[in-house]
Amino acid sequence: MTASAEVIERFKSAIGAAGVVDDASDMAAYLVDERKLFRGKAPAVLRPASTEEVAKVVSICAESGIGIVPQGGNTGLCGGSVPDDSGAQIVLSLSRMNRIRDLDPVNYTLTAEAGCVLADVQRAANEADRLFPLSLAAEGSCQIGGNLSTNAGGIAVLRYGNARELVLGLEVVLADGKIWNGLRRLRKDNTGYDLKQIFLGSEGTLGVITAAVLKLFPLPRHICTALIAFRDVAAATGLLAKLREASGDMVTSFEYIHRHCMDLVIRHIPGQSDPFDHRYQHYVLVELSASRAEAGLDQILESVCTDGLESGALLDAVVASSESQRQQLWALRESIPEAQKHAGVCIKHDVSVPVSRVPEFLERGTKLLTDAYHEAQVIAFGHMGDGNIHFNLQQPEGEDPELFMKEGPRITGAVHDLAAEFEGSFSAEHGIGALKLKDLYGYKSEVEIALMRSLKRAIDPEGIMNPGKVI
């Protein structure tokens, strides 16, 4: 049902006129996704300032049969945070709910409202001499509620886990407007179902996350970072296993970079240059960290790399000797998506396979794509340490972007089929949203789909929570 003028007035009465955005130009940024793949319509964008105001909005929508699209920083890559083009759904922005409610350094917890920007959460933890380890490219604008509802990944999953593993408790407004206060700061609470896990990763289709108790960790005192060139991908996964064992599992990040990625960054991003004198095909940016200032990480990395150089598995390495050099190395990795934009359009994939099978996947996948599209370059990079590779096909220089993107369904189907053959996932960290609905039904089993539908019907029987997304 479309929100009538009367319903809009009810919203204004419930959360104040300042919380209701209904001017077309002011709403525009809320109605298009990060990749400009989806554009929707909405009668209003609602910006409540408290959990109670969120509950009032959801209650009105439940009574009126109006669909609700929860939105954080709107940085998602699958169209999950924008409405459809019917004009019948409202956007519920949590951006005004941006308080750190509590920080307990002894309990190693931080309680944040859903609209807190991730970088602000990281900063608050840092000021208390603690670490909140979730880290991703959009951390300066993405919001913690969106991170949790999409189960965000990022560069530190290998050490600390996905977003769902960094949560102790949640506060959620349910589809009927009731508030579930599950903001428990406990690490042991064996009292029935772990309800928070239902909402983590559900992309707003079951309820609205309004606050969360987050796990904190000791602040790193010693960080060791290196960019390493390898003979082949198998040598890289072999080094990862040795580093994890030798360091006592202190490897925080292990990021794969193919030579094509390096070339794109050097060509399109000002100030970037090759750290090596020679060109290599395969690189990994590895980072180890410890909460002790003298943890011996440099010696561990040097010892493992020396063995690799002597065996021929490693070809070269650059170790950061300062924080500025560390940032320079990370800039090479983090600039890859931006460099891709400058190079033209790209058919993107966010897949994961078991770490031990990454080498074979990359070999077969690269052959698959180059055979299918000879002129295009395979741009492979990402979180090798947890098996998540961003496996993309870049538009050939000079080719018509629209013609190239028409190959998308064929290319994507082949890549996702290959990931499934390797017991992998077609969506490692970006979620489903509106973009990957067909893939979900194509690769999930009937039992899984039935269970997901049962949960949806039980928790959101009227189907008003982020309709048309995930399930």
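Scalar couplings 3J(HN,Hα) for region 149-162, obtained by applying the Karplus form with A = 6.51, B = -1.76, C = 1.60 to θ = phi - 60°, are 6, 9, 6, 4, x, x, 8, 10, 4, 3, 8, 10, x, 6 Hz; x denotes Gly and Pro.
Distance between the pseudo-spin-label points of residue 102 and residue 17 (7 Å out from Cα toward the beta carbon): 3.8 nm.
Taking amide H as placed 1.01 Å from N in the peptide plane, residue 345 has its amide H under 5 Å from the amide H of 395, each at least 5 places away in sequence or on another chain. Spin-label model, residue 5/residue 403: points 7 Å from Cα along the beta carbon direction are separated by 5.2 nm. Pairs of alpha carbons in region 148-196 separated by more than 13 Å make up 65% of all such pairs. For region 402-471, the list of chymotrypsin sites (Phe, Trp or Tyr not before Pro) that fall in a loop by DSSP and count at most 13 other C-beta atoms within 10 angstrom is empty. The alpha carbons of region 156-315 occupy a box of 62, 38, 28 Å along the principal axes, longest dimension given first. Taking every DSSP beta bridge that has both ends in region 5-93, the antiparallel portion is near 30%. Since only 268, 234, 385 are under comparison, the one whose Cα sits farthest along the positive direction of the charge dipole of the chain, derived from C-beta charges on Lys, Arg, Asp and Glu, is 385.
Treating each Cα of region 414-471 as one equal point scatterer and applying the Debye formula with no solvent, the log10 of I(q)/I(0) at q = 0.16, 0.24, 0.29 Å⁻¹ comes out as -0.55, -1.05, -1.27. Taking Lys and Arg as +1 and Asp and Glu as -1, the other residues whose beta-carbon sits under 14 Å from that of residue 306 total -4. Computed over neighbours whose Cβ is under 10 Å from that of residue 413, the net charge equals 0, Lys and Arg +1, Asp and Glu -1. Potential lengthening of the chain between residue 310 and residue 444 amounts to 43.8 nm, from the contour at 0.36 nm per residue minus the alpha-carbon distance. Its alpha carbons give region 5-93 an Rg and a Dmax of 12.3, 35 Å. For a quick check: with amide H placed at 1.01 Å from N, whose amide H comes under 5 Å from residue 170's, ignoring anything fewer than 5 positions away on the same chain? When sequence neighbours closer than 5 places are left aside, the close amide H contacts are 182, 183, 184, 213. Please identify the chymotrypsin sites (Phe, Trp or Tyr not before Pro) of region 170-250 that satisfy two criteria: DSSP loop assignment and at most 14 other Cβ atoms within 10 Å. Which are they? Of the chymotrypsin sites (Phe, Trp or Tyr not before Pro), the ones in loops of region 170-250 whose Cβ has at most 14 other Cβ atoms within 10 Å are 193. Hull volume per residue, based on the alpha-carbon atoms of region 318-402 and their convex hull, is 118 Å³.
Placing R0 at 60 angstrom, the Cβ-Cβ distance between residue 29 and residue 291 gives a FRET efficiency of 0.90 after rounding to 0.05. Backbone phi angles across region 139-145, fed through the Karplus curve with coefficients 6.51, -1.76 and 1.60 (θ = phi - 60°), yield HN-Hα couplings of 5, x, 9, 5, 10, 4, x Hz in residue order; Gly and Pro are listed as x.
Within the shell defined by Cβ-Cβ distances under 13 Å, the residues around residue 454 carry a net charge of 0, with Lys and Arg each +1 and Asp and Glu each -1. By the count of neighbouring beta-carbon atoms within 10 Å, fewest first, 58, 447 end up ordered 447, 58.
Model label points for residue 263 and residue 363, set 7 angstrom from Cα along the Cα-to-Cβ axis, are 2.2 nm apart. A cut-off of 5 Å between modelled amide H atoms, ignoring neighbours fewer than 5 places along the same chain, links residue 33 with 38. Starting from the Cα of residue 242, draw a straight line to each of the aspartates and glutamates and keep only those under 20 Å, dropping any in the same chain fewer than 8 residues away. Candidates past the 8-residue exclusion: 232, 255, 287, 298, 302, 307, 310, 316, 360, 386. Checking the Cα-Cα distances for 348/438; 36/178; 41/444; 56/444; 367/436 against a 27 Å cut-off, the pairs over it are 36/178; 41/444; 56/444.
If you take the square roots of the eigenvalues of the alpha-carbon gyration tensor of region 222-337 and sort them as a ≥ b ≥ c, do you get rounded (a/c under 1.5), prolate (a/b over b/c) or oblate? Judged from the Cα gyration tensor, region 222-337 comes out oblate (a/c at least 1.5, b/c at or above a/b).
Between the alpha-carbon centres of region 256-289 and region 122-145 there is a gap of 26 Å. The overall shape of region 200-242, judged from the alpha-carbon gyration tensor, is oblate: a/c is not under 1.5, and a/b is no greater than b/c. Extension gain, residue 188 to residue 372, is 61.1 nm, computed as 0.36 nm per intervening residue step minus the present C-alpha separation. Working note: Karplus 6.51/-1.76/1.60 with θ = phi - 60° gives region 185-199 the couplings 9, 9, 9, 10, 7, 9, 10, x, 4, 7, 5, 4, 5, 5, 8 Hz, where Gly and Pro are set to x. In plain terms, the chain from residue 129 to residue 273 could stretch by 48.4 nm, reckoned as 0.36 nm per residue minus the Cα-Cα distance.
Across all directions, the average projected area of the convex hull around the alpha carbons of region 323-471 is 11.6 nm².
Using equal-weight Cα scatterers in the Debye expression, the normalised intensity of region 118-224 in log10 at q = 0.11, 0.16, 0.18, 0.22 Å⁻¹ is -0.35, -0.72, -0.90, -1.27. Region 1-75 and region 156-231 have Cα centres lying 26 Å from one another.
Coordinate-derived values only; no laboratory data. Everything numeric in this text was worked out from a predicted model, so none of it was measured. Methodologically, a virtual Cβ is constructed for each residue, glycine included, from the backbone with ideal geometry; neighbour enumeration extends over all protein chains shown.
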